[in-house]
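Enquirer: I'd like to ask some things about the structure below.
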Amino acid sequence: MNIYGKDKSIMFFKSFITTLNSNYNAFNDSGFDNVDPNIVKYFRTEYGKDWKVALQHHLYKKSVNGKKAA
């Protein structure tokens, strides 16, 4: 492998790590650490840029209904 092949491999690896970090931060920086990642994905897909508000509303309704039953 020549030097150009190594540079491409390093660039790919850095790009891959950057993508993983951005996806990780999208889930963990939003304050939804204890929420199932599949629910977060669903809300991101269904509600687009307003997914955080919709998910917060959903979690609030769920907690209110849980308190009524108790």
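What follows is calculated from the coordinates using simple rules that are stated; it is not laboratory data. Predicted model, so just to flag it, every value in this text is computed and none were measured. Here the Cβ is made from the backbone with ideal geometry for all residues, glycine too, and neighbour counts use every protein chain on show.
Enquirer: Starting from the Cα of residue 10, step 7 Å along the direction of its Cβ; do the same at residue 50; then give the gap between the two resulting points in nm.
Expert: Between residue 10 and residue 50, the label points sit 4.7 nm apart.
Enquirer: Mind checking the full-extension length gain between residue 18 and residue 38? Use 0.36 nm per residue of separation minus the Cα-Cα distance, one decimal, nm.
Expert: This chain segment gains 5.1 nm when fully extended.
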